[in-house]
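Shown next, in structure tokens, is the structure this report addresses.
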Amino acid sequence: MTISSGSPATFRVALAQMRTGRSVAANIDAAAALVREAKAAGADYVMTPEMTSLMEDDRARLFDTVVDEADDSALADLRALARTFGLWLHIGSLAVKVSPERAANRSFVIAPTGDIAARYDKIHMFDVDLAGGESYRESESFVAGDAAVLADLPWGRIGLSICYDLRFPALYRALAEAGASFLAVPAAFTRQTGEAHWHVLLRARAIETGCFVMAAAQGGHHECGRETFGHSLIVDPWGRILAEGGTTPGLVIADIDPSEVVMARGRVPSLQHGRRFSLVEPAAEPRLHVIGGGP
Ligand SMILES: O=C(O)CNC(=O)[C@H](CS)NC(=O)CCC(=O)C(=O)O
């Protein structure tokens, strides 16, 4: 939970907000243009949203396009991009075929050498029925991951997550307890849930963990018919919004000072105050319910 001494003091984060469509080539071109622009703006670390290379709700069309990781030319292109521009490139996710019937929703942290420093498979599947008949069954096409993953950046440790994972705070608590100073939440939030929950959930995760939270988003009306919320967000460990996007593609940039992690946790050390407790279930006869494990 400490920032290793000798780390460069600050670094510049650029979130690449996208509106991914049905053409992988066009989507990778769009990502490449944003990475080029981020480099020109002095970015050290660039994050793209969930489903960077393809946004496809039709299962048959999805499986006509997805390939094994080893055969994915989009991933090869993105690795080359990180190397060419000499920056950390965090791909929010790609759909990676892992069986004839299923894909993984997989993040890649790519080092400036082009090497893959970390992979993370989205753990929580978005199987929900929203108002107005909007419905998702992510688990019909994707297999859930079962491992929480961290990566070491030159500025500190980053904990990985994707989109719907944001609703499961125990994951972020575990990542922070494992030494994360930064939490990544690349996303494709729906417009209706984003309007209601996006900012408050991201700010809560930052406040609870004393981490910077960085969330590159999909935004707008996509070719597949879906509408996403946008509003890519960078939040500091005190819960303040440092930079925010709208609904159109483009960069959201902020300078990150890792020492603010130490400061925020110094003021409110809730990460160290987590306490085990027993659960007292309601008794048959009404009485006072006491929740907590004593002093
Ligand atoms: O299916 C794909 O192509 C890519 N995956 C997604 O877009 C996923 C699953 S449908 N979306 C979310 O997790 C949104 C979560 C959300 O909006 C919320 O938690 O409110």
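Using the structure shown, decide if N27 is polar (S, T, N, Q), within 16 Å of the ligand (Cβ to nearest atom) and farther than 17 Å from L15 by Cβ.
Numbers: polar (S, T, N, Q): yes; within 16 Å of the ligand (Cβ to nearest atom): yes; farther than 17 Å from L15 by Cβ: no.
Here the answer is no, as N27 does not meet what is asked.
Quickly run through segment 170-187 and pick out the residues that are more than 25 Å from G274 (Cα to Cα) and either away from the ligand (no atom under 14 Å from the Cβ) or in contact with a helix residue (DSSP H, G or I) (Cβ under 6 Å, 6 or more places away or on another chain) (or both). Explain how you work it out, then say what you get.
Keep residues of segment 170-187 that are more than 25 Å from G274 (Cα to Cα), which gives 186-187.
Selection gives A187 alone.
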Which listed residue, of A25, A40, is closer than 30 Å to D257 by Cβ and over 21 Å from the mean Cα position of the chain (by Cα):
A40
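Across segment 76-103, which residue is surrounded by the most Cβ atoms within 10 Å (Cβ to Cβ) among those that are within 13 Å of the ligand (Cβ to nearest atom) and farther than 19 Å from A216 by Cα? Even if it seems obvious, please write down each step before you answer.
Initially, segment 76-103 is screened for residues within 13 Å of the ligand (Cβ to nearest atom), giving 92-96, 102-103.
If we keep only those that are farther than 19 Å from A216 by Cα as well, we get 96, 102-103.
Values: V96: 24, R102: 17, A103: 22.
Here the answer is V96.
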Of the residues that make up segment 138-148, is at least one more than 16 Å from the ligand (Cβ to nearest atom), within 16 Å of D72 (Cα to Cα) and in contact (Cβ under 8 Å) with a residue 24 or more places away in the chain?
no
Out of all the residues in segment 160-192, which are part of a loop (DSSP other than H, G, I, E, B), under 19 Å from M125 (Cα atoms) and in contact (Cβ under 8 Å) with a residue 40 or more places away in the chain?
S161, I162, F168, P186, A188, F189
Out of A254, A264, sole residue that is within 30 Å of A32 (Cα to Cα) and at pLDDT 95 or above:
A254
Can R167 be described as at pLDDT 95 or above, under 17 Å from E244 (Cβ atoms) and within 13 Å of the ligand (Cβ to nearest atom)?
no
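The values are calculated or read from the model by the stated rules, or taken from the named source; none is laboratory data. Because the structure is a prediction, the values reported are computed rather than measured. A quick note on method: Cβ atoms are made from the backbone with ideal geometry, for glycine too, and the neighbour counts reach across all protein chains shown.
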